[in-house]
Amino acid sequence: MEKFLLVLEVITTCCAVTQSMTGQERSEEKSECVSLSPMMEAVPAPPESERVCVFGTGDLGRSLGLRLLQAGYGVVFGSRRPHSSSSLLPHGAQVLGHAAAAQSAHLIFIAVQREHYDFLVPLANQLKGKVLVDLSNNLKKNQYPEANAEYLQSLVPGAEVVKGFNTLSAWSLQNGPSDANRQVYICGESVEAKQAVIAVAIKLGFSALDRGFLSVARELEDFPLQLFPQWRLPLRIAIGLSAAFFFYLLIRDIIYAYVTQSKDISFRIMVSLANKVCPIVSLIMLSLCYLPGVLASFLQLYRGTKYRRFPDWLDRWMLCRKQLGLLALGFAFLHVLYTLIIPIRYYVWFKATERTVSMIRENRTTQFDMTTAWRGDSYLSLGILGFGLYVLLGITSLPSVSNALSWREFSFIQSKLGHLTLLLCTAHTYLYGWNRFLSSSTYKWYTPPGYMLCLVLPSVVLLLKLLLITPCVDRTITRIRQGWERGADQRNPKDSQPLIP
């Protein structure tokens, strides 16, 4: 009982003390508790090594800032109007004036055009010792006497200027490296500065390549200005061949009929003439894919060594073989589409109906020709097989597919199956012509039909390839490609003797 009374007395005393507190003391205690809450929830600012600065709040600057934030960096934007531009920037980034932003980080991305570099001159002291990454590009080549990065270095001599990230677009930065080019090119004078930029690029998911000193900056700035550099020669060849055979067939088929027979069949230009031009150009361009390899092999046989450079024209030709093949596949695909719509053409079903009615009126029939049936089915079958291999060659030329293949697998598909594709398509064209070359009516105005002209180049390529795969020639080429040189033993007899330890 005594213990119970003692506990009751202690509780009563505590309640009296609490009730005796003034309102001011209670409010101070409450405010102290409230002030501790945001301190516990606040996230500590990232260290300076993990903070980067971006000068420029345009599309490129905002996209780069977003990617940096997603990678875990603290991002500070430098802007002329920090208060008005804060609403446009990604959530989580700070917006300061240029001077304050420059002092907040060691690595600064310059995402502004060269014309606006003047604002950096008053900041020379704040930028001293900083790493400036120039992202700018020009509208055309040789727009200025020096590269933008070199000009930036002259404006801020105390900073370490690095050229990089200029080959990436704002769209590619937003969508990440999986949906865009993964390569980032870097150049600069300071090795430490370049290593810092390369580390950021790798953390963003890109692969970085050091191209050397800052003098390479002009070359890097020209990369985004290139417009299909590897496609120019193939496109010129495709356009030239298409135009040449279009006018050639226009004269033989359309103009010849109008001049000699007074028949206007100009409507055939849209489908019939196009369906002749497309397979002709496709077969010739496929032959041009494999002709440079054959010429290179014979050149090595003639020289007896692989240690001499090919001529420049042959080098350029071999470098654009992929583009030649893809354009050839495109023309083959158009040929397939034109062929599929033949049964629904007005001219075709009109002529078929007219012929059927004429045979009924004359009460005559035609006999089944087994040779024609075999020829027609073989012609179609070879065309289907050739187009199927055509598509396989095009698929394996895609980087995502070719990267999954070993060199032997890629070489087997592109070389052996490629020559098989050329053989099937050439045989398909031979069956189309069959024995028409024996008829004098085939040579209108003494000119051969287009399919005969397009057979010349693939036939030559296949014959030369047949010579190269003969055992004696193939053995010699293999030895040359393994390092053997003709006449090397006579020039240095010691080379032919084994070394005795």
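So the values come out like this:
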| item | result |
| --- | --- |
| Of all residues making up segment 307-332, the number that are part of a helix (DSSP H, G or I) and hydroxyl-bearing (Ser, Thr, Tyr) | 0 |
| Any hit, segment 155-176, residues being at pLDDT 95 or above, surrounded by 13 or more Cβ atoms within 10 Å (Cβ to Cβ) and acidic (Asp, Glu) | yes |
| Selection within segment 468-490 - surrounded by 14 or more Cβ atoms within 10 Å (Cβ to Cβ) and under 30 Å from residue 241 (Cβ atoms) | 468 |
| Filter result (in a loop (DSSP other than H, G, I, E, B) and either outside the structural domain of residue 326 (by TED's automatic domain parsing) or among the aromatic types (Phe, Trp, Tyr) (or both)) within segment 421-477 | 434, 443, 445, 446 |
| Extreme residue, farthest from residue 434 (Cα to Cα), among residues of segment 362-375 that are exposed (fewer than 13 other Cβ atoms within 10 Å of the Cβ) and at pLDDT 90 or above | 368 |
| Odd one out for residue 277, checked against (1) of a type in the set (Val, Ile, Thr); (2) in a helix (DSSP H, G or I); (3) surrounded by fewer than 16 Cβ atoms within 10 Å (Cβ to Cβ) | (3) |
| Considering residues of segment 229-278 that are of a type in the set (Gly, Ala, Ser) and closer than 30 Å to residue 320 by Cα only, the residue nearest to the chain's Cα centre (by Cα) | 238 |
| Residue 220 being touching a Phe, Trp or Tyr at 6+ places or on another chain (Cβ under 7 Å), farther than 30 Å from residue 457 by Cβ, touching a residue at least 24 places away in the same chain (Cβ under 8 Å) and surrounded by 19 or more Cβ atoms within 10 Å (Cβ to Cβ) | yes |
| Pairs where the first residue, in segment 336-360, is over 19 Å from residue 267 (Cα atoms) and the second is of a type in the set (S, T, N, Q), C-beta under 9 Å, 6+ apart | 359/365; 359/366 |
| Residue pairs meeting the criteria (Cβ under 8 Å; at least 6 apart or on separate chains; first under 22 Å from residue 463 (Cβ atoms), in segment 293-312; second among the aromatic types (Phe, Trp, Tyr) and not in a helix (DSSP H, G or I)) | 296/310; 299/310 |
| Test: residue 241 is surrounded by 13 or more Cβ atoms within 10 Å (Cβ to Cβ), in contact with a Gly (Cβ under 6 Å, 6 or more places away or on another chain), within 30 Å of residue 346 (Cα to Cα) and assigned by TED's automatic domain parsing to the domain that holds residue 453 | no |
| Total residues in segment 66-99, condition modelled with pLDDT of 85 or more, farther than 24 Å from residue 122 by Cα and surrounded by fewer than 17 Cβ atoms within 10 Å (Cβ to Cβ) | 6 |
| Filter result for the condition that a residue is crowded, with 19+ Cβ neighbours inside 10 Å, modelled with pLDDT under 95, of a type outside the set (S, T, N, Q) and within 18 Å of residue 240 (Cα to Cα), over 289, 320 | 320 |
| Set 65, 92: member being touching a residue at least 12 places away in the same chain (Cβ under 8 Å), within 23 Å of residue 149 (Cα to Cα) and not aromatic (Phe, Trp, Tyr) | 65 |
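The values are calculated or read from the model by the stated rules, or taken from the named source; none is laboratory data. None of the values given here were measured: they were computed from a predicted structure. Note: ideal-geometry Cβ built from the backbone for every residue, glycine included; neighbour counts use all protein chains shown.
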